[in-house]
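Okay, structure first, notes after.
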Amino acid sequence: MSALPTLETGLLLGLYALLAGVWGVLWALARFRKAASFGRSAAAAYGLHTLVAVVIILWTPLGLGWKCLIVGSSLAFLAIPPITWRLLQHTHDNEKVGA
Amino acid sequence: MYRSQTLALKYFAAAITVFGVMTITGLLSSYYYISLDFLFGVIPFNIMKILHINTLVIWLLMGFMGSIYWFLPGELGRETAGIRAAEILFYVFCAAVAVVAMVFIFVQYGASNEASLWLINQGRKYVEAPRWAALGIVVIMVVFAWNVIGTVIAARRTTGIITVLMIDLIPLILLYLIAFPAIRNMSADLFWWWWLVHLWVEATWEVLIGCIMALALMQLLGTPRRIVEAWLYIEVALVLGTGILGLGHHYFWIGTPSYWLTIGGFFSALEPLPLLGMVVHAVYDAGAQHMKTTNRPALYWMMAEAFGNFIGAGVWGFMITLPQVNLYAHGTQWTVSHGHFAFWGAYACGIISVLYLVLQRIRNLAIVEGQLWKWSFAALNLGLVGMTGALLVAGFVQAFVERAIGGSTLNAFISGQENAWFVDGMVARFLLALVFTAGYVVLVWDVLTLGRRASAVAAVAPAQ
């Protein structure tokens, strides 16, 4: 990889992970507040995350294997907040029933 | 109060003191980049850096041990086994740290022989302590492990969290033994040395802080044990699953087989996934309590731990973890930026959170409030985030000018160091280190006076 793409790729990868975090937090807040604005913001954050993923895939000189990893990670990031939430609710509900 | 908890208070006091030494030596280390002849002929930069990094390791270790000594008797309903030995070793530990620091400052170097390894410096980054002190650390950690395991045996019962902790202490001690052999082949030496550094920081310490946060969560938010333990198992499995083979992301430029770079890049690229789950978990817990707690500093520091871990280890790590980027970023200020953020988020915030929980108990505070903790929370986090930002800019310059364009020659190194962005980044880092230091001073002031100031106590519970 040459000089400038090194920095660009690094920054894009950081932005990619950061937007995944923003998506997760906003998604969780949307569940709590039951506010449409949080839901829309979460969708926008994930949209931006996907956009950055597309830029990484099309524009950076990463190898094919790493680009596949980016796609797989994006799908995992999409699924993690709802799965985590469901598991949390499940364990808390079980605890209430047990009590 | 159990003797184990009295010992915990001593460990917390020592940890906060060593945290201060780490902060001051970090501040001074950052000034060397601005004034190149700073302390010339008195203390070289590398000695100041050794003090900064080793005190980081020691204060976190003391914080972990203090946390466990605090929670263990309550968890198992009895005094910690072997507490007398632990009490004696606390003073040995503190004395050894002081002696080693004095040797680093006043002796600094020795001849290239065995005596220097035993008495002055073992010469391996992060574990520079001379061999006699390293042996002492092994003894202290073995006794610490015995305190936990012996208490379980004496109590004839255990809990899920303590079982995870016991299992974790075994590799924690065994890995430290890598600090001893003086391997002459540098590639082989660095190969094993990374096992110690990486598998402490990104495996055994992660499990340790996971156990401590689980114990703290039950006390802070009253989260039921079954929930905390279920999540501890899931999160530990995920963190270990991605963290152990992430080891390969350190194996650059040291002569290890190239397949390690792919393995390391792949597994460490997965590390943000469980960290995102932890962030969602933190939001859930905080939201379920509507952010209402009797100890807001502890809750805020715990939230900072979850978010700091995700951003510092997850986001900052993801920037540099793929081999194509890591090849250039490795060992630059870019990785220093990642290291600062990740250590702060993953460990330091968690220990400060436990410290506030402990203060609430020992000072009999029904509610912990006030203004000072907010100032220290803001200054420490602002200073830390600012420093990592400044280091990131400096690291970009190094990766770009020194590595990618210059090809890592000595001339390229000098060009990188003289670049205006690098110089400004270092000045900004120093200024923000001052903010961090101010935050530390306020934290200490708050810790010393909490509950003794009228504004800090909304209500005082009757002494138990």
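Once backbone amide H atoms are built at 1.01 Å from N, residue B:81 has B:151 as its partners under 5 Å, excluding neighbours fewer than 5 places away on the same chain. Averaged over the residues of peptide A:83-91, the number of Cβ atoms from other protein chains lying within 10 Å of each residue's Cβ is 5.
Fewest-first ordering of B:180, B:318, B:252 by other beta carbons within 10 Å of each residue's beta carbon gives B:180, B:252, B:318.
Going from the residue with the fewest nearby Cβ atoms within 10 Å to the one with the most, B:293, B:332, B:80 rank B:293, B:332, B:80.
Length gained on full extension, residue B:363 to residue B:87, computed as 0.36 nm times the residue gap minus the Cα-Cα distance: 97.1 nm. Can you tell me how much longer the chain between residue B:289 and residue B:188 gets when fully stretched, taken as 0.36 nm per residue apart minus their C-alpha distance, in nm with one decimal? Gain on stretching residue B:289 to residue B:188: 31.3 nm.
What whole-number volume per residue, in cubic angstrom, does the convex hull of the C-alpha atoms of the range B:317-411 give?
So the per-residue hull volume is 103 Å³.
Mind sorting A:97, B:21 by how few other Cβ atoms lie within 10 Å of their own Cβ, fewest first? Could the numbers behind the result be given before it?
Numbers: A:97 7, B:21 19.
Lowest to highest Cβ neighbour count: A:97, B:21.
Once backbone amide H atoms are built at 1.01 Å from N, residue B:295 has B:368 as its partners under 5 Å, excluding neighbours fewer than 5 places away on the same chain. Straight Cα distances below 27 angstrom link residue B:10 to the lysines B:49, B:374, with same-chain residues fewer than 8 positions distant left out. Using alpha-carbon pairs under 8 Å, 6+ residues apart, how would you state the relative contact order of chain B in percent? Relative CO of chain B lands at 13 percent. Taking the helices alone, chain A has a mean residue ellipticity at 222 nm of -33000 deg cm²/dmol, built from -39,500 (n - 2.57) per DSSP H run of at least 4 residues and averaged over all its residues. You can think of it this way: the chain between residue A:36 and residue A:71 has 9.8 nm of extra reach, that is 0.36 nm per residue less the Cα-Cα gap. Binning all Cα-Cα separations of the range B:348-454 at 5 Å, short to long from zero, yields these whole-percent fractions: 2, 13, 16, 15, 11, 9, 8, 8, 6, 5, 4, 2, 0.
Any chance you could tell me what percent of the C-alpha pair distances in the range B:280-350 go past 14 Å? That tail contains 62 percent of the Cα-Cα pairs. Straight-line cross-link partners of residue A:96 among the lysines, defined as a Cα under 29 Å from its Cα and at least 8 positions apart when in the same chain: A:34, B:292.
Based on DSSP H runs of at least 4 residues, each adding -39500 (n - 2.57), what is the mean residue ellipticity at 222 nm of chain B after dividing by all its residues, to the nearest 500 deg cm²/dmol?
That calculation yields -23500 deg cm²/dmol at 222 nm.
Mean per-residue shielding of peptide B:282-288 is 5, counting Cβ atoms of other chains within 10 Å of each Cβ. Give me the Kirkwood hydrodynamic radius of the range B:242-309, using the inverse of the mean 1/r over all pairs of distinct Cα atoms, in Å to one decimal. Hydrodynamic radius (Kirkwood, Cα pairs) of the range B:242-309 is 14.1 Å.
By the compact-protein rule of thumb, 2.2 N^0.38 Å, the alpha-carbon radius of gyration of the range B:178-261 corresponds to a ratio of 1.44.
Run a plain Debye calculation on the range B:1-144 (Cα atoms as equal point scatterers, no solvent) and give log10 I(q)/I(0) at q = 0.16 Å⁻¹, rounded to two decimals, same order as the q list. Scattering profile of the range B:1-144, log10 relative to I(0): -0.86.
Over the range B:82-141, the reciprocal of the mean inverse Cα-Cα separation, the Kirkwood hydrodynamic radius, stands at 12.0 Å. For the pair residue B:108 and residue B:449, a Förster radius of 51 Å applied to the C-beta separation gives a FRET efficiency near 0.85, rounded to the nearest 0.05.
Just so you know, the Rg over Rh for chain B is 0.95, from Cα atoms, with Rh as the Kirkwood radius.
Pairs of Cα atoms in the range B:226-350 fall into 5 Å distance bins, from 0 up to the last occupied one, in shares of 2, 11, 18, 21, 18, 12, 8, 5, 3, 1, 0 percent. First select every other residue whose beta carbon is under 15 angstrom from the beta carbon of residue B:254; then total the charges, Lys and Arg +1, Asp and Glu -1. Every neighbour counted, the sum reads +2. Per the Debye formula on identical point scatterers at the alpha carbon atoms of the range B:9-65, with no solvent, log10 I(q)/I(0) at q = 0.27 Å⁻¹ is -0.95. Calculated from the alpha-carbon coordinates, chain A shows an Rg and a Dmax of 16.9, 61 Å respectively.
Pairwise Cα distances in the range B:121-213 exceed 17 Å in 55 percent of cases.
Name the chymotrypsin sites (Phe, Trp or Tyr not before Pro) in the range B:58-140 that are in a loop by DSSP and that have at most 15 other C-beta atoms within 10 Å, would you?
Details: sites: B:59, B:64, B:69, B:70, B:71, B:90, B:91, B:93, B:104, B:106, B:109, B:118, B:126, B:132; in loops: B:109, B:126.
Answer in residue order: B:109.
What do the square roots of 5 times the Cα gyration tensor eigenvalues come to for the protein assembly as shown, in whole Å, largest first, as semi-axes of the equivalent ellipsoid? If you can, show how the numbers build up before the last one.
Details: eigenvalues 238, 202, 108 Å².
They are 34, 32, 23 Å, listed largest first.
Bridgeable aspartates and glutamates around residue B:125 (alpha carbons under 18 Å apart, same-chain partners fewer than 8 residues away excluded): B:114, B:189, B:202.
Throughout, read-outs are computed from the coordinates displayed, never taken from laboratory work. Since the structure is predicted, the reported quantities are computational estimates derived from the model, not experimental observations. Note: ideal-geometry Cβ built from the backbone for every residue, glycine included; neighbour counts use all protein chains shown.
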